[in-house]
Amino acid sequence: MATDFKSIPIIDIAPLLAKSDDPKMGQDPDVAQVVRQLDRACKEAGFFYVKGHGISKTLLKQVKNLTRKFFELPYEEKLNIKMSADSGFRGYQRIGENITKGVPDMHEAIDCYKELKPGMYGDLGKPMEGPNQWPDNPPEFKVLMEKYITLCTSLSKKIMRGIALALGGSPYEFEGDRAGDAFWVMRLIGYPAARSTNASDIPKNDVGCGAHTDYGLLTLVNQDDDITALQVRNHSGEWISAPPVPGTFVCNIGDMLKIYSNGLYDSTLHQVINSAPKYRVCVAYFYETNFDTAVEPLDFCVEKTGGSKKFERAVYGEHLVNKVQTNFG
Ligand SMILES: O=C(O)CCC(=O)C(=O)O
């Protein structure tokens with residue numbers, strides 16, 4: 001359960017990355033220091049910034065700039081990659097199409113997912129099958145985004161090694177059958193400037209993205225450098241801002257990690273309100289378990305938390321399919 005944190009810590013993960021392929025990484029004093037910071041952040045806030053992550057500031061910016069350029073296109077052009085059940089829920093969704101707890105969110109987005117080979121997960125995976133829909137314009141979109149996804153996937157795997165150590169396990173707890181073939185989700189999101197949309201068919205509310213927790217293991221948020229809009233709820237129910245810290249990712253843990261850790265780490269509620277007079281872009285990358293993994297509390301986490309399992313087992317893919325079909329089906 002999150003504490004009454006008032007700000008979100010910044011962790012320099014460079015020492016962890018430098019040793020992340022060494023099975024004895026946990027014995028390195030600099031890695032141990034990062035692991036302690038991760039443990040504290042996951043227990044106190046479920047949120048932390050990372051710096052020293054090795055993805056260049058230039059790439060972080062390019063990804064947001066291309067996303068912004070796409071959203072500036074005429075609506076009809078954006079519809080060329082419209083998301084639907086037939087596209088495996090991949091593609092463009094207009095403002096208000098994403099629903100959080102029954103309320104339309106004031107954002108537009110491109111949703112993309114790791115591509116699933118047809119039949120790979122039988123009936124479970126079928127609704128999510130299909131190639132991602134990338135726009136032709138801007139022309140370099142697909143190449144740049146795929147490069148970015150590869151880097152985020154590798155980075156997340158390394159951070160998860162640190163988190164596995166922080167929980168008291170082996171660095172490889174979240175590999176193999178659990179997340180050795182990690183599914184991922186990426187949402188390229190655009191939030192209109194405050195009170196800028198007057199179209200009569202667009203719902204009016206101020207909430208860019210309603211309060212929610214994330215589903216998977218770990219989220220990497222690459223947000224615009226000049227607008228504070230992301231808010232995280234602490235134990236008392238206060239909304240604490242996560243202002244942009246240029247060059248960092250805001251990271252947060254998701255529901256699957258909460259289950260694995262038997263509640264040692266909680267997935268924290270967060271929301272987005274863009275009250276700036278400017279359009280805001282955010283690229284959120286979600287690192288998940290394998291699509292068909294049945295997630296249940298890890299034995300050593302159960303021991304640490306009193307000996308009984310606090311959560312039922314959950315199949316990640318079922319959780320996701322249920323979400324997209326409820327939202328968009
Ligand atoms: O826009 C943001 O800063 C975060 C978006 C988010 O919370 C989400 O997509 O789950």
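Any read-out appearing in this document is the output of simple, stated calculations on the displayed coordinates, not a laboratory observation. For clarity, every value in this text was computed on a predicted model and none was experimentally measured. Cβ atoms come from the backbone with ideal geometry, glycine included; neighbour counts cover every protein chain shown.
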ask   = GNM on the chain, C-alpha springs below 10 Å: top fluctuator among Tyr215, Tyr316, Tyr75?
value = Tyr75
query = Lys pairs in region 114-226, Cα-Cα under 24 Å, at least 8 apart or on separate chains: how many?
reply = 13
ask   = What is the gain in length, in nm to one decimal, between Lys304 and His212 on full extension, counting 0.36 nm per residue of separation less the C-alpha to C-alpha distance?
value = 30.4 nm
task = Mind putting a number on the dipole of the chain about its Cα centre? Charges go on the C-beta only, +1 for Lys and Arg and -1 for Asp and Glu, and I need it in Debye to the nearest 20.
result = 580
ask   = Of all the stretches in the chain, which is the longest one without any exposed loop site, taking trypsin sites (Lys or Arg not before Pro) in a DSSP loop (any state but H, G, I, E, B) with at most 12 other Cβ atoms within 10 Å?
value = 205-312
request  = Taking a cut-off of 21 Å between Cα atoms, list the lysines near Lys309, but don't count ones fewer than 8 places away on the same chain.
outcome  = Lys43, Lys258
ask   = How big is Rg to Rh over the chain, alpha-carbon atoms, Rh as the Kirkwood inverse-mean-distance radius?
value = 0.95
Extension reserve of the Ser236-Lys6 stretch, reckoned as 0.36 nm per residue once the Cα distance is removed = 81.7 nm
message = Modelling each spin label as a point 7 Å along the Cα-to-Cβ direction, I'd like the Asp28/Thr58 distance in nm, to one decimal.
response = 2.6
query = Which distance in nm do the two modelled labels at Lys69 and Ser275 give, with both placed 7 Å along the Cα-to-Cβ direction?
reply = 3.4
key: Antiparallel DSSP beta bridges within the chain, as percent of all bridges there, nearest 5   = 90
note = Along region 141-154, Karplus-curve 3J(HN,Hα) (6.51, -1.76, 1.60; θ = phi - 60°) to the nearest Hz, with x for Gly and Pro, reads 3, 4, 4, 5, 5, 5, 4, 4, 4, 4, 5, 5, 5, 5
